[in-house]
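The values are calculated or read from the model by the stated rules, or taken from the named source; none is laboratory data. Keep in mind the model is a prediction, meaning the values are calculated, not measured. All Cβ positions, glycine included, derive from the backbone under ideal geometry; neighbour counts span all protein chains shown.
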Protein chains: 2
Amino acid sequence: MPAAPISLDVALEQVGAEIDRGFDSLLAIPPDARAPLFEAMRYAAIGGGKRLRALLVVAGCNLFHVARERAIRVALAVECVHVYSLIHDDLPSMDDDDLRRGKPTLHRAFDESTAILAGDSLHALAFQVLAEEETHEDPFVRSDLILELARAAGPAGMAGGQMMDLKAAEMRLDLASVTRLQQLKTGALIGWCLEAAAIMGRVPPEGRRSLRGYARDVGLAFQIADDLLDHEGHEEKAGKRVGKDREAGKETFVSLLGPDRARLQAELLVDQAVEHLAGYGAEAGLLRAIARFAVERDH
Amino acid sequence: MPAAPISLDVALEQVGAEIDRGFDSLLAIPPDARAPLFEAMRYAAIGGGKRLRALLVVAGCNLFHVARERAIRVALAVECVHVYSLIHDDLPSMDDDDLRRGKPTLHRAFDESTAILAGDSLHALAFQVLAEEETHEDPFVRSDLILELARAAGPAGMAGGQMMDLKAAEMRLDLASVTRLQQLKTGALIGWCLEAAAIMGRVPPEGRRSLRGYARDVGLAFQIADDLLDHEGHEEKAGKRVGKDREAGKETFVSLLGPDRARLQAELLVDQAVEHLAGYGAEAGLLRAIARFAVERDH
């Protein structure tokens with residue numbers, strides 16, 4: 001039976017606590033010279049972030065009545081990749097950020113080499129968590145989750161999008177190019193969250209079209225919302241440096257469309273995302289709430 | 001039927017060419033802004049290195065008559081991880097090396113951000129290659145290869161060893177600590193090469209003891225040989241900067257044992273490694289030759 005509907009705030013809080021517990025047990029500090037590496041991973045991974053990707057996994061798994069503890073393992077894997085990507089993106093040679101989730105970035109709090117290794121370690125741990133039998137007893141499911149995550153995180157996905165983003169300051173991107181960049185940089189991993197839910201639910205590839213459409217629209221809506229947040233410049237609420245795209249001369253949805261049309265576009269995408277869920281009933285309530293959160297959250 | 005015995009030189013050359021072809025097809029340059037990322041990966045991955053890890057996989061797979069093209073896919077995965085680790089280890093905030101495999105390191109030839117992303121991309125590609133059906137039709141085999149690789153590459157293996165190595169200059173390590181450091185930093189991935197061969201050969205875990213012993217001894221012997229190379233200081237033959245451990249005040253097998261006893265220890269380890277193969281016949285010829293190569297190669 002589907003659980004009674006809960007508010008988005010409560011759902012985010014619950015998933016956040018479960019992910020924190022997952023990291024706490026995954027990252028137990030060893031009694032040797034690797035301790036600083038684990039301390040660094042804990043600093044970056046525990047107690048921060050919206051856990052949007054984790055919630056997308058859990059909300060997607062709700063559709064198919066996947067056991068909660070399994071859904072949380074899959075969610076932990078995507079948060080491993082997300083946190084690793086934030087650590088590496090913040091490095092001096094990349095975006096050179098000092099602030100993340102309201103506290104000093106990892107290379108500021110520790111040092112650069114530890115930050116690189118902490119990112120690399122979380123990257124490997126994501127695949128380890130998925131490959132363990134506790135995630136699913138069927139190795140085909142585990143292998144499929146891993147194949148799709150490797151594609152979403154690698155050069156055909158997130159890492160490729162970050163490369164495009166680094167080159168974006170030197171180029172004048174048009175709307176199609178910014179869309180493509182963001183579909184790789186952030187969209188691929190968000191897409192994986194729903195793909196993973198479908199894999200855990202044993203939905204065959206041909207039955208995943210609506211979830212893929214939902215993920216694509218929600219991913220872009222969140223990116224536009226992030227661009228608006230950056231444009232409006234509330235550093236305190238964002239928990240990170242804002243206005244940096246403009247400084248760097250990078251085109252964003254807001255620079256190309258203007259803030260009003262960008263906001264309208266995000267709302268349109270959210271409506272579209274919700275329409276993709278038409279085939280699902282009350283069990284998709286959380287996914288609908290997440291979509292609306294993209295444009296309704298307190299900037 | 002086992003293939004006729006071939007010399008180690010020929011075997012290394014053959015595997016090297018196959019790995020280069022594998023990278024060439026894996027890293028086809030896309031017609032978009034990600035091109036520099038793929039060019040960087042190709043620069044680091046193609047046409048360099050001894051391909052020792054790839055050869056260990058292939059030689060191990062020979063024991064169990066694994067199809068050559070499958071063995072090469074598994075070998076490609078371990079070379080992806082090895083190359084990624086070299087790229088990241090060479091970074092300015094890590095070992096800060098300018099020379100690798102006789103040419104400028106990746107962050108020198110390209111830039112630091114591209115080097116970080118190229119390493120991250122190769123890391124993801126390793127898991128992608130293993131998760132693809134072409135590697136093995138049984139998803140349990142694929143999932144098992146991935147689980148063991150994630151453990152070997154992550155904080156309980158290679159990344160953890162690199163962390164220990166970064167801290168080594170500040171500590172006075174004893175022989176046990178240097179051994180432990182190297183077993184994580186280089187031994188875990190070398191161990192995976194033989195573990196992967198056993199997994200591909202469907203050898204149950206209890207039947208892998210001798211191969212694990214072989215891998216442990218060969219891994220340490222190669223590390224001692226590397227320390228000797230570094231100590232003797234032939235930069236040209238090493239294809240990388242030498243003498244840096246001494247400069248950094250790091251203890252090595254050579255600094256702790258002296259060069260003569262270190263060489264003797266390596267020879268002892270090679271004998272032990274070969275003894276672990278006593279249960280295998282002529283089909284283990286290549287593994288025996290690889291072990292002897294550790295102490296016989298032209299320093």
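Remarks
- Annotation: of all residues in region B:81-90 being more than 10 Å from chain A (Cβ to nearest Cβ) and within 30 Å of A:Pro139 (Cβ to Cβ), the one that is surrounded by the fewest Cβ atoms within 10 Å (Cβ to Cβ) is B:His82.
- Single unsatisfied condition, B:Leu256 versus (1) touching a residue at least 40 places away in the same chain (Cβ under 8 Å); (2) more than 22 Å from the chain's Cα centre (by Cα); (3) surrounded by fewer than 16 Cβ atoms within 10 Å (Cβ to Cβ): (3)
- Candidates A:Leu173, A:Leu184, A:Leu125, A:Leu91 - the one that is out of contact with any Pro (no Cβ under 8 Å at 6 or more places or on another chain) and not in a loop (DSSP other than H, G, I, E, B): A:Leu184
Matching residues to (1) of a type outside the set (Gly, Ala, Ser); (2) part of a helix (DSSP H, G or I); (3) within 18 Å of the chain's Cα centre (by Cα):
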residue: A:Val218; (1), (2), (3): yes, yes, yes
residue: A:Asp227; (1), (2), (3): yes, yes, yes
residue: A:His231; (1), (2), (3): yes, yes, no
residue: A:Arg241; (1), (2), (3): yes, no, no
residue: A:Ala289; (1), (2), (3): no, yes, yes
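- Filter result for A:Ala152 (under 19 Å from the mean Cα position of the chain (by Cα), closer than 22 Å to A:Leu287 by Cβ and either assigned to a loop (DSSP other than H, G, I, E, B) or within 11 Å of chain B (Cβ to nearest Cβ) (or both)): yes
- Looking only at residues of region A:98-131 that are touching a residue at least 24 places away in the same chain (Cβ under 8 Å) and over 21 Å from the mean Cα position of the chain (by Cα), we find that the one that is nearest to the other protein chains (Cβ to nearest Cβ) is A:Thr114.
- Residues of region B:164-184 that turn out to be more than 18 Å from B:Leu269 (Cα to Cα), more than 8 Å from chain A (Cβ to nearest Cβ) and under 19 Å from the mean Cα position of the chain (by Cα), as a count: 1
- Every listed requirement among (1) surrounded by fewer than 22 Cβ atoms within 10 Å (Cβ to Cβ); (2) farther than 18 Å from A:Gly201 by Cβ; (3) of a type in the set (Asp, Glu) is met by A:Glu69 save one, (2).
- Whether a residue is within 12 Å of chain A (Cβ to nearest Cβ), hydrophobic (A, V, I, L, M, F, W, C) and surrounded by fewer than 19 Cβ atoms within 10 Å (Cβ to Cβ) was assessed, and B:Ala77 does not pass this test.
Residue-wise test of (1) assigned to a loop (DSSP other than H, G, I, E, B); (2) charged (D, E, K, R); (3) more than 26 Å from B:Leu99 (Cα to Cα); (4) without any contact (Cβ under 8 Å) to a residue 40 or more places away in the chain.
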| residue | (1), (2), (3), (4) |
| --- | --- |
| B:Asp245 | no, yes, no, yes |
| B:Glu251 | yes, yes, no, no |
| B:Asp260 | no, yes, yes, yes |
| B:Gln265 | no, no, yes, no |
| B:Gly285 | no, no, yes, no |
| B:Phe293 | no, no, no, no |
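- Applying the set (1) within 8 Å of another protein chain (Cβ to nearest Cβ); (2) closer than 28 Å to B:Val66 by Cβ; (3) buried (at least 24 other Cβ atoms within 10 Å of the Cβ) to B:Phe140 leaves exactly one unmet item: (3).
- Consider region A:16-52 and keep the residues that are more than 20 Å from A:Asp120 (Cβ to Cβ) and over 15 Å from the mean Cα position of the chain (by Cα). The one that is surrounded by the fewest Cβ atoms within 10 Å (Cβ to Cβ) is A:Pro31.
- Checking A:Ser85, A:Ser93 one by one, the residue that is touching a Ser or Thr at 6+ places or on another chain (Cβ under 8 Å) and under 21 Å from A:Asp165 (Cα atoms) is A:Ser93 and no other.
- For region B:1-58, a residue qualifies if it is part of a loop (DSSP other than H, G, I, E, B) and among the hydrophobic types (A, V, I, L, M, F, W, C), and the qualifying residues are B:Met1, B:Ala3, B:Ala4, B:Ile6, B:Leu27, B:Ala28, B:Ile29, B:Ala33, B:Ile46.
- Meets criteria (crowded, with 22+ Cβ neighbours inside 10 Å and either at the interface with chain B (Cβ under 8 Å from one of its Cβ atoms) or within 29 Å of A:Ala168 (Cβ to Cβ) (or both)) for A:Ser93: no
- When region A:155-168 is limited to residues that are of a type in the set (Gly, Ala, Ser) and assigned to a helix (DSSP H, G or I), the one that is nearest to A:Phe127 (Cα to Cα) turns out to be A:Ala159.
- Scope region A:267-283; condition surrounded by fewer than 20 Cβ atoms within 10 Å (Cβ to Cβ) and assigned to a helix (DSSP H, G or I); matching residues: A:Glu267, A:Leu268, A:Asp271, A:Gln272, A:Val274, A:Glu275, A:Ala282, A:Glu283
- Selection status of B:Leu147, within 14 Å of another protein chain (Cβ to nearest Cβ), at pLDDT below 95 and part of a helix (DSSP H, G or I): no
- Scanning region B:200-243 for residues that are crowded, with 24+ Cβ neighbours inside 10 Å and of a type in the set (Val, Ile, Thr) yields a total of 2.
- Selection of region B:96-130 for residues being touching a Phe, Trp or Tyr at 6+ places or on another chain (Cβ under 8 Å) and surrounded by fewer than 24 Cβ atoms within 10 Å (Cβ to Cβ) yields B:Ala109, B:Phe110.
- Only a single item in (1) in contact with a Leu (Cβ under 8 Å, 6 or more places away or on another chain); (2) surrounded by fewer than 22 Cβ atoms within 10 Å (Cβ to Cβ); (3) more than 7 Å from every other protein chain (Cβ to nearest Cβ); (4) not basic (Lys, Arg) is not met by A:Gly161, and it is number (2).
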